[in-house]
Each structure stands twice: as C-alpha cells, then as structure tokens.
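Heads up, the thing below is written out as structure tokens.
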Amino acid sequence: MPNKNHSRLIGRTFIGRGPVLRSLLLFLFTFILAGISVSPLAGNDKWVQPERSALEKTPDAMPFYPSRASTQGRHLTPEMFDSAETCRGCHQEIYRQWQGSAMAQAWIDPIYQALLQRASEATDAKVDNFCIGCHSPIGMTAYNTTPADFRKPFTPPGVSCEVCHNISAVSGNDNGAYVLTPSDNGKRVKFGPHRDAPSPYHESNYSELLTKSEFCAVCHNVSHPFNSTPIERTYDEWSESAYNEQGIQCQDCHMTPGPGVTINPGKSAPMGKQRDHIASHHFTGGNVTLHKHFGQPEMAERARNMLRSAATIEVLTPKQSLLGGELATIKVKVSNVGAGHKIPTGFPEGREMWVDFKVTDSRGNLIYRSGAIRNGQTESGTRNFKVYLGDKHNDVVELNVWEVDRVLADTRILPKGYAIVDYTFTIPTGIQGPLLLNADLNYWPFSQKLVDELLGPGKIEVEVVRMTSVTQSLAVQLQLAQKQ
C-alpha cells in the first residue's frame, strides 16, 4: 500500500452498528482512553502500569532496559534453570505439546531473527533486550544473549517450561514485565495452577497468576520502548471485551485441545493426580506458515482450525433488482465470533485478514474481483483488516517497526463485533444471469513480500488460510429495452 494513502483506510469500513462517522469517532476515542495522542508533539511518559516516569524514579526497576523484566535484584545463572528435556522426564505429553508450539520456536523463528538483526543494527543494539526479553527470557537474564548468538552453535531456550513456571509475579502489563525468580536453595520450586501437585523432583507452589490473562499480558502487550506507541495490544483487546466480563481467560482458548473444547481430563504426569482438566501446552495460535517451516503438520492444522473458528462471513443481498448495464453494490459482513481479541491480532507489520471477492457469470467468466494477491501482497483496494503503523513523517511503516511513532489506522474487528465492506461494479449489458458471488475470508501471518524481503525469495512460502467463505447466486434482469 502506498505510504501516503493511509487516509483512505478510514471511512470504508462499517463497524458495529454505526456508519463511517461512528468508526472514526471510535478510532479517536480509543486513543483518548488509552492515553495516546496522534500528535507528534505529545509526551511519551505512558507505558501500561506503571508509567515510565514512575519506573525511572525507582532504582534498579529495569535492570534489563528496555525490557521490563526483573529478577528481584538477583544475578541469575544458567545453572538455576532446568532444560525442557529434564521436565520431559515426568511430563512427557506436556513436553510433546510444547515442543511443537510457537513458544518453543520463539528464539529460532527465522522471521524474528531477521527482524531483530535489522533492528539491532539500525538502533546500535538499543532494542536487543526489548525483543530478547520475550523471545528468550532465560537467554537475556542468565546468558546475556545477543543477536550475535544467532551465528553460534549455542541456542538459548525460547519460551520454555522454566520461563513460565519460574515467574512469581508481574510488575506491569507490557514489554516483558515479568519477575523471574528461579530458586537456588537445593530443591527447585515451580509455580503452577494446582494446590495439590507434589513432585519427587521439585517443590510445587500454587500461583493463581498462571491461570489469568495478566500472565500473558507481559509479552502480548507491546509498547514502543522509547516513545510508547502501542505496537501490539492483544491483552488490552481482551481486557476491554465481553470475554473478560464473562471471566474467559486467554488460557481458556489457547491452552485447550481445540476450539470449543473446554474440558481436557487427564494427568500432567504419570504419577500425578487425575484431574477434570489439564491445560494443553500446544499454545495454538494462527501462524500456519511457521509450523509448516518447522515440519509440524499437526500444529499447522491446529492453527488452521483456530483460524476457521474465529469468524463468519455473509453476503447482504441488495433489495433492488440487478439490471444489466447498471452499477451494483454488494455488501459483505464479516463477524468476529470466536476470538477474544481483535482479528487479526499481534505482530502488526505482518498480520492481515482480507476479503477476496469475486463475481462470475453463469459461464464462469470473471466479471469483477477485489482482493487478489499481486507481487506478494494484497492488491490495492483490497478490503482488509489490519493495523497501519506510521513514522514521524506520517508514512506507513511496513517493516522497520523501530521507526514507529504513531498508529495511522486500525481496521480490525473487535471481539464479538463485525465489519461491513462494500463492492461496486458494473453488470455487463446483455449478460445472462444468474451471477455467482463468492467471498473468501483469508489470512496470513505476514505477506510473501515481507518474508522475501527479510529472508530472500524462495526461502519460505507463506500459506494463505481461507478462514471461511460464502457463495451466493443473484438473478439479473434484462432491461426493458433489451427485452423488446
């Protein structure tokens, strides 16, 4: 999308029950609520709980700046942490699930590595801890990991068992604000969601935090580390939704065997207690391409199923008769029915959902199309759902996220919300009906153009997932003059 054309994004999508004006007001009101200004002259004090100024007044509040991670003032060493393979000794099934997850690949994800390399070079390593703090918490706190480790045989752990089960608290809602506290008193202490989980290897401490969305917030809310622009807001999107009001946590969807499955009876270890529900550690998301890259067909299909459960699409049939030679306007409604956050969510430079809308005649000839992929990206004019970030010059930032200074537009769909997009085209004169309308709702975690730019052409093929589709037949009447 051309950098200067972001203004056309606002006003072409109907959100909720209101028209364009309501969409614009909602967009501006969201900024007001979040304490964010679109003005380049605005201050940059805000982070999400607490503010930057409060942190700066606290000695040693950010020992891994600009990551907000902390260790209660302790110096951590690799020996304080077990490997995931050690955990596998008792938790075989949980280990198997985790091993195929995006969490396990958080450090070796090639898109992440390529972006961090670029960001590190462009900022003189100023953002290194900011990124590493969530992609390899143990690497940052115990190994002093840097992007140079990408080129070494040593591979620090990604988001492993020892990360989540050694977090004792959080100090905020974004930018890696976890408190990592491994024990070194001889017997390891692990935090978990059960009060009655004795282990012959480690002590087990109950932590309600592990069952709450606030636990996920620390790495799934991301603010620009130096100007506080909201980059990712998955936790905030959930916290302002009906799902939060109903007590449905992130774990209730992403730590279950699949969409709609709420009960998963079993044991977390062979010698463990039989329970009504054991949390799945697949951590299923929507990145099919990543799982295919790592040769994980089961996880790729889980991701497809998650995406297919998120939305519905329908054609809103016009009331007027369709006549050859005249303009027709068709409205398509896309609803977020299954995601507890906006769709899409996360990584803004890549995540894109869009409608591929096609009209064909009774012989299969294409009359109109909007939403095709051209040169590795969706074509101009595509009705898509996406965040558009901008730099200080108001130009769209398509890759260099460290240059982000503001949010230009957000056309994504709220939890339990919907959007209506429209298509106007000319019905050919003398056409024989009926017309066939087809609308596919598609998704990719990043465009092929972005992947090719980061890794080189042909390195990874991005899969476009068809989340859902609708087909509808519409009759076409000949004009009176044609009938005579």
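The values are calculated or read from the model by the stated rules, or taken from the named source; none is laboratory data. Just so it is clear, the model here is predicted, and its values are computed rather than measured. Positions of Cβ are backbone-derived with ideal geometry, glycine not excepted, and every protein chain shown enters the neighbour counts.
Here are the criteria: (1) out of contact with any Cys (no Cβ under 9 Å at 6 or more places or on another chain); (2) not in a helix (DSSP H, G or I). Tell me which single one GLY139 does not satisfy.
Condition not satisfied by GLY139: (2).
Any residue at all in the range 358-370 that's in contact (Cβ under 8 Å) with a residue 60 or more places away in the chain and under 27 Å from LEU455 (Cβ atoms)?
No, the range 358-370 contains no residue that is in contact (Cβ under 8 Å) with a residue 60 or more places away in the chain and under 27 Å from LEU455 (Cβ atoms).
Have a look at ALA197, ALA142, ALA125, ALA148 and point out the one that is assigned by TED's automatic domain parsing to the domain that holds LYS273 and in contact with a strand residue (DSSP E or B) (Cβ under 8 Å, 6 or more places away or on another chain).
Exactly one residue qualifies, and that residue is ALA197.
Consider only pairs whose beta carbons are under 9 Å apart and that are at least six residues apart or on different chains; among these, list those whose first residue lies in the range 433-451 and is assigned by TED's automatic domain parsing to the domain that holds SER335 and whose second residue is in a helix (DSSP H, G or I) and hydroxyl-bearing (Ser, Thr, Tyr).
TRP444/THR289; PRO445/THR289; PHE446/THR289; VAL451/THR289
Which ones in the range 98-111 are farther than 18 Å from THR284 by Cα and surrounded by 18 or more Cβ atoms within 10 Å (Cβ to Cβ)?
Correct list: ILE111 only.
Could you please let me know if SER239 is assigned by TED's automatic domain parsing to the domain that holds PHE191, buried (at least 17 other Cβ atoms within 10 Å of the Cβ) and at pLDDT 95 or above?
yes
I'd like the full set of residues that are within 14 Å of GLY133 (Cβ to Cβ), crowded, with 21+ Cβ neighbours inside 10 Å and out of contact with any Gly (no Cβ under 8 Å at 6 or more places or on another chain), limited to the range 173-193.
Correct list: ASP174, ALA177, TYR178, LEU180.
Among the residues of the range 255-264, are any of a type in the set (A, V, I, L, M, F, W, C), outside the structural domain of LYS416 (by TED's automatic domain parsing), outside any helix (DSSP H, G or I) and surrounded by fewer than 20 Cβ atoms within 10 Å (Cβ to Cβ)?
Yes, the conditions are met somewhere in the range 255-264.
State whether the residues of the range 330-338 include one that is over 20 Å from ALA439 (Cβ atoms), touching a residue at least 24 places away in the same chain (Cβ under 8 Å) and in the same structural domain as ASP452 (by TED's automatic domain parsing).
No: zero hits.
In the range 369-382, how many are surrounded by fewer than 18 Cβ atoms within 10 Å (Cβ to Cβ) and assigned to a strand (DSSP E or B)?
Of the residues in the range 369-382, 3 are surrounded by fewer than 18 Cβ atoms within 10 Å (Cβ to Cβ) and assigned to a strand (DSSP E or B).
Could you tell me which numbered condition CYS134 fails, if it satisfies all but one of (1) buried (at least 16 other Cβ atoms within 10 Å of the Cβ); (2) more than 28 Å from the chain's Cα centre (by Cα); (3) touching a residue at least 40 places away in the same chain (Cβ under 8 Å)?
Looking at each condition in turn, CYS134 falls short on (2).
Exactly one of these conditions fails for PRO318: (1) surrounded by 21 or more Cβ atoms within 10 Å (Cβ to Cβ); (2) modelled with pLDDT under 95; (3) farther than 30 Å from TRP98 by Cβ. Give me its number.
(1)
What's the number of the only condition in (1) within 21 Å of ALA279 (Cα to Cα); (2) crowded, with 19+ Cβ neighbours inside 10 Å; (3) touching a Phe, Trp or Tyr at 6+ places or on another chain (Cβ under 7 Å); (4) polar (S, T, N, Q) that SER228 fails to meet?
All conditions pass for SER228, except number (1).
Condition check: under 21 Å from ASN336 (Cα atoms), among the charged types (D, E, K, R) and either surrounded by fewer than 19 Cβ atoms within 10 Å (Cβ to Cβ) or modelled with pLDDT of 95 or more (or both). Does ASP440 satisfy that?
Yes: the conditions hold for ASP440.
Taking the conditions exactly as written (among the basic types (Lys, Arg), touching a Gly at 6+ places or on another chain (Cβ under 7 Å), in contact (Cβ under 8 Å) with a residue 40 or more places away in the chain and under 29 Å from GLY340 (Cβ atoms)), does ARG351 satisfy them or not?
no
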